1. Could you tell me the distance between the Cα centroids of the stretch 157-207 and the stretch 27-95, to the nearest Å?
2. Taking the 0 to 90 degree range and rounding to the nearest ten, how far is the long axis of helix 11-23 tilted relative to the main principal axis of the chain, both from C-alpha atoms?
3. Using the 10 angstrom Cβ neighbour count as an exposure proxy, how do THR34, THR87 rank, fewest first?
4. Given 0.36 nm per residue, what is the gain on full extension from LYS276 to ILE197 after removing their alpha carbon distance, in nm?
5. What is the magnitude of the charge dipole of the stretch 24-98 about its Cα centre, with +1 placed on the Cβ of each Lys and Arg, -1 on the Cβ of each Asp and Glu, and no other charges, expressed in debye to the nearest 20?
6. Evaluate the charge dipole of the chain about its Cα centre and quote only its size in Debye, nearest 20, assuming +1 on the Cβ of each Lys and Arg and -1 on the Cβ of each Asp and Glu.
7. With the radius of gyration and the Kirkwood radius both derived from the Cα set of the stretch 97-167, what is their ratio Rg to Rh?
8. Give the lysines reachable from LYS276 as a straight Cα distance under 20 Å; neighbours fewer than 8 places away on the same chain don't count.
Amino acid sequence: MKNVAIIGVGLIGGSFALDIKEKYPESVINGIDTNEAHIDEAISLGIIDQSATLNHLKEADIVIVAIPVDASLNYLPQVLDNIGENTIVFDVGSTKEDICVKVKNHPNRRHYLSVHPIAGTEFSGPKAAVKGLFKNKTNIICEVEETAFKLQEKALDLFRDLGMRIRYMNPKAHDKHIAYMSHLSHISAFMLGKTVIEKEKNESDIFDMASSGFESTVRLAKSSPAMWTPIFEQNKTNVIETLDEYINNLKHFKSLMEKDDFESVHKEMEATNHIKKILNGIK
């Protein structure tokens, strides 16, 4: 792997760049970003080697598209228009159905692999990039059968070298499951943060009284709205379904408390404690 192009040099794109540099030191990492300050910062931090444009993609072995999902919808076809015959392109967006439909009939569809690494932090921009972000993380691949075998193997070798676990799903199933496992937790964090800010007007009280439990629960509220708003928009139907179920559970829990039925409150929490075994099994 000698030539890599990364479109979007923030947390995910930058973290891929750092790991590729470590695993393949002979690689040249080219960065493309609409924010020139991000390009300059990524170069100064040693994340990428140089700036590039779409015209450079013909020589790339791998192109990684790591930009917000609404931007990917418009930009990915242009990327596929400009690649070489041996180039594999993959995006890392959190929704898959719309983008798979978007490029379904593109002449270079066989050069594209739709993936979603389940990894990240609440931070953004080049300075958020970290080595080892993807180690032991699940990478969901959609419609692998639509990608040329020789090219998909190039991407799969990279994922294995970075220590990722591979799982295959169709785009519709991915978007439904990820609404529960990721999108709902971000909404919960944003709305918990909003509730506290509105009720606790004194910011010093919030700072002084916030426990580690509160901080870990609301951590995702520090995530980028510019990234997450398009995700919620693209996955609107699934997200609304998860919200309906979540709100119903909250209303039920509230009603038990209003009735002083704390035996049932205990049973609800005890039943949910089963999540510990599930999460321990994942680790």
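Any read-out appearing in this document is the output of simple, stated calculations on the displayed coordinates, not a laboratory observation. Because the structure is predicted, anything quoted here is derived from the model rather than measured. Here Cβ is always computed from backbone atoms with ideal geometry, including for glycine, and neighbour counts include all displayed protein chains.
1. First find each Cα centre; the distance between them is then 25 Å.
2. 50
3. On the way: THR34 11, THR87 23.
With the sparsest Cβ surroundings first, the list reads THR34, THR87.
4. Details: separation 79, 0.36 × 79 = 28.44 nm, distance 2.99 nm.
Net length gain for the segment: 25.5 nm.
5. On the way: 2 positive and 14 negative charges, 16 e Å.
Charge dipole, the stretch 24-98, about its Cα centre: 80 debye, nearest 20.
6. Its charge dipole is roughly 720 debye.
7. On the way: Rg = 13.7 Å, Rh = 13.5 Å.
For the stretch 97-167, the value is 1.02.
8. LYS137, LYS267
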